[in-house]
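The values are calculated or read from the model by the stated rules, or taken from the named source; none is laboratory data. Just so we're clear, the structure is a prediction, and the values are computed from it rather than from any experiment. Every residue, glycine among them, receives a Cβ derived from its backbone with ideal geometry; neighbour counts consider all protein chains shown. The protein model used for the area step is the full one, side chains on, heavy atoms only, and it has no ligands, DNA or RNA in it. Shrake-Rupley method; radii C 1.70, N 1.55, O 1.52, S 1.80 Å.
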Amino acid sequence: MAKENPTENNLFKNIVSHAKEYGFVFPSSEIYDGLQAVYDYGQNGVELKNNIKNVWWKTMTQLNDNVVGVDAAIFMHPTTWKASGHVDGFSDPMIDNKDSKKRYRADQLIEGKAEELEAAGKKAEADALVKKLARLLEADDLKGVQELIINEKIVCPISGTSNWTEVRQFNLMFSTQIGSVAEEADLIYLRPETAQGIFVNFLNVQKTGRMKIPFGIAQIGKAFRNEIVARQFTFRMREFEQMEMQFFIRPGTEMEWYEKWKETRLKWHKAIGLTADKLKFHDHEKLAHYANAAVDIEYQFPFGFKEIEGIHSRTDFDLGNHEKFSKKKQQYFDNDINKNYVPYVVETSAGADRVFLAVLCNAYTEETVGEGEDKKQRVYLKLHPALAPVKAAVLPIIKKDGLPEKARKIYDDLKLDMRVIYEEKDTIGKRYTRQDLIGTPFCIAVDHQSLEDDTVTIRHRDTTQQERVSIAELKQKIRREVSYKRIFEKI
Ligand code: GAP
């Protein structure tokens, strides 16, 4: 496997600890020692994640006049997954090391080796290895994949040996049973992608919404995959959330829409505050069973560039197969060309949890401030104000002289519009630090002058600069900064 940079590795460890310590992400059922690759969002995490999902939802359904939403069930008729190809084709090639008894994704072992080669300046060799892997997977040549692992002298990071089993395909879908009597119950799957809930509702939405092609259907919801190699915190989970949009188009126009959605989605990630230099496209070497073109948007996490969203040209694969399996026409009559056809689809598929993790990593800032003896480390989350879990904290500088009453009035007024916190315990400095750690963009300090001239100070999180503003204009000022409009203006 590729070696990780120790400094970046430490940085990621700090981010993971921060997420837990400040109520963003907790291991699931932690009192029972947790459940591998399953996580819960805490009081701040859920606000941040909801903001990400809301911005995505509104971007799709509010800024595009031809995209509408649905909320389909997690359980679907089992034939859905036959038609979609997931029963037969949704698997990862796994290999076990006989000495350590550890299981790995065979493709990831080889990709790790390619990353090592590239890091050692052997880019051509690395590219050739990735291409070889793609060819073997394309041909479903699992023996060839095993030979490649052995020939490349790839060893298990635990045992250090190359005593490998053969490579086997492992289906990633979770199954359970539906029905009241076990013997009569039907096997059913937890959906591995939300997209199929959109495909099976294509005609319902098109007809009831009088939608004209090109149009899109968006959805946010849970998806489940039995990931064998779960690593890197919430990056690869067994239960996660997707934000997917299927854009239905006339056949032959797919490359034009594919390019358009690629650019639009990259812009969105920049608009929510992800650093432009840390985002890039990565074309797929191996296409999924449904795609004729596919690209990932990758973010540079402390553990390297990794996928946060996929854009796929899915042709008429899904609707065509649903037509075949359900024996119900999935066609659209295009008035403009006087023709019936099964629409093609370009899909944008982002992981809410991966975007969350990218936003968290991007925001986590360690800075050294002060000089000489006063030198200390300052940690804060430089979140886009529109995504921050708490928009402002209202803080009377002392707990007497009528300051708490004055501050409460400001708090009661602001809370009608946004999520705010009122705090009077501890020194003002400690309270500022607590807000920095959860990324609150504005702290409003109420002091004796406030009683005299109805002004307060606003302290800005990133610069720690303070400005005096009148209480009358406070709400308007903060509301403008934390509005989703700030993001929409950049898309
Ligand atoms: N409908 C297409 C689809 O599901 P995908 O590339 O398998 O495509 C789309 O997944 C996105 O879902 C990924 O870019 C990623 O952000 C997220 N995702 C996939 N598997 C995940 C996992 N195990 N944990 C967290 N997010 C995941």
**OP:** Go through Gly320, Gly273 for me and flag whichever is assigned to a helix (DSSP H, G or I) and more than 16 Å from the ligand (Cβ to nearest atom).
**Re:** Gly320
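So which helices (runs of 4 or more DSSP H) are wholly in the range 119-208 and hold at least 3 residues that are basic (Lys, Arg)? Quick ask: steps written out before the conclusion?
On the way: elements: 123-138, 142-151, 195-199, 202-208.
Filter on the range 119-208 gives 123-138.
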Original post:
Which residues, counting only those in the range 311-327, are surrounded by fewer than 14 Cβ atoms within 10 Å (Cβ to Cβ) and within 21 Å of Lys212 (Cβ to Cβ)?
Top reply: none
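If I filter the range 333-342 for residues that are within 15 Å of the ligand (Cβ to nearest atom) and either open to solvent by 10 Å² or more (accessible area, probe 1.4 Å) or in a strand (DSSP E or B) (or both), do I get at least one hit? Write out each step before concluding.
So in the range 333-342, the residues within 15 Å of the ligand (Cβ to nearest atom) come out as none.
Taking every residue of the range 333-342 in turn, none turns out to be within 15 Å of the ligand (Cβ to nearest atom) and either open to solvent by 10 Å² or more (accessible area, probe 1.4 Å) or in a strand (DSSP E or B) (or both).
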**OP:** Tell me which of these Asp92 doesn't satisfy, since it passes every other one: (1) open to solvent by less than 60 Å² (accessible area, probe 1.4 Å); (2) in a loop (DSSP other than H, G, I, E, B).
**Re:** (2)
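Would you check which residues across the range 389-430 are in a loop (DSSP other than H, G, I, E, B) and within 21 Å of Ser483 (Cβ to Cβ) and list them?
Filtering the range 389-430 for residues in a loop (DSSP other than H, G, I, E, B) gives 389-391, 397-402, 415-419, 423-427.
Passing the criteria: Pro389, Val390, Lys391, Lys415, Leu416, Asp417, Met418, Arg419.
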Subject >> For Lys286: the one exception among (1) charged (D, E, K, R); (2) within 20 Å of the chain's Cα centre (by Cα); (3) part of a loop (DSSP other than H, G, I, E, B) >> reply: (2)
**OP:** Filter the range 66-83 for residues that are open to solvent by less than 20 Å² (accessible area, probe 1.4 Å) and over 24 Å from the mean Cα position of the chain (by Cα) and give the result.
**Re:** Thr80, Ala83
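For (1) in the same structural domain as Gln219 (by TED's automatic domain parsing); (2) touching a residue at least 12 places away in the same chain (Cβ under 8 Å); (3) away from the ligand (no atom under 16 Å from the Cβ), each residue gets a yes or a no:
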| position | (1), (2), (3) |
| --- | --- |
| Ala350 | yes, yes, no |
| Phe356 | yes, yes, no |
| Thr365 | no, yes, yes |
| Thr368 | no, no, yes |
| Glu371 | no, no, yes |
| Gln377 | no, no, yes |
| Leu387 | no, yes, yes |
Subject >> Among the candidates Glu227, Glu244, Glu193, residue that is modelled with pLDDT under 95, open to solvent by less than 40 Å² (accessible area, probe 1.4 Å) and acidic (Asp, Glu) >> reply: Glu227
Original post:
Exactly one of (1) buried (at least 21 other Cβ atoms within 10 Å of the Cβ); (2) in the same structural domain as Met60 (by TED's automatic domain parsing) is unmet by Leu203. Its number?
Top reply: (1)
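Please count how many residues of the range 453-466 are assigned to a helix (DSSP H, G or I) and closer than 19 Å to Lys399 by Cβ. So that I can check it myself, show each step before the final result.
Here is the first cut: in the range 453-466, the residues assigned to a helix (DSSP H, G or I) are 453.
Narrowing further to those that are closer than 19 Å to Lys399 by Cβ: none.
Summing the residues that are assigned to a helix (DSSP H, G or I) and closer than 19 Å to Lys399 by Cβ in the range 453-466 gives 0.
Counting only residues that are polar (S, T, N, Q) and under 31 Å from the mean Cα position of the chain (by Cα), which one in the range 412-453 is most open to solvent (accessible area, probe 1.4 Å)?
Restricting to residues being polar (S, T, N, Q) and under 31 Å from the mean Cα position of the chain (by Cα), the top hit is Thr433.
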Original post:
Just to be sure, is Phe301 open to solvent by 40 Å² or more (accessible area, probe 1.4 Å) and either more than 11 Å from the ligand (Cβ to nearest atom) or touching a Gly at 6+ places or on another chain (Cβ under 8 Å) (or both)?
Top reply: no
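With the requirement that a residue be on the phi < 0 side of the Ramachandran plot and assigned to a loop (DSSP other than H, G, I, E, B), what does the range 357-388 give you? Please lay out each step first, then the result.
Initial filter on the range 357-388 (on the phi < 0 side of the Ramachandran plot): 357-369, 371, 373-388.
Result: Glu371, Lys375, Lys382, Leu383, His384, Pro385, Ala386, Leu387, Ala388.
Is it true that some residue in the range 209-217 is closer than 17 Å to Ser349 by Cβ and open to solvent by 30 Å² or more (accessible area, probe 1.4 Å)?
Within the range 209-217, the first condition is being closer than 17 Å to Ser349 by Cβ, and the residues that meet it are 216-217.
Going one step further and asking which of them are open to solvent by 30 Å² or more (accessible area, probe 1.4 Å), we end up with none.
No: zero hits.
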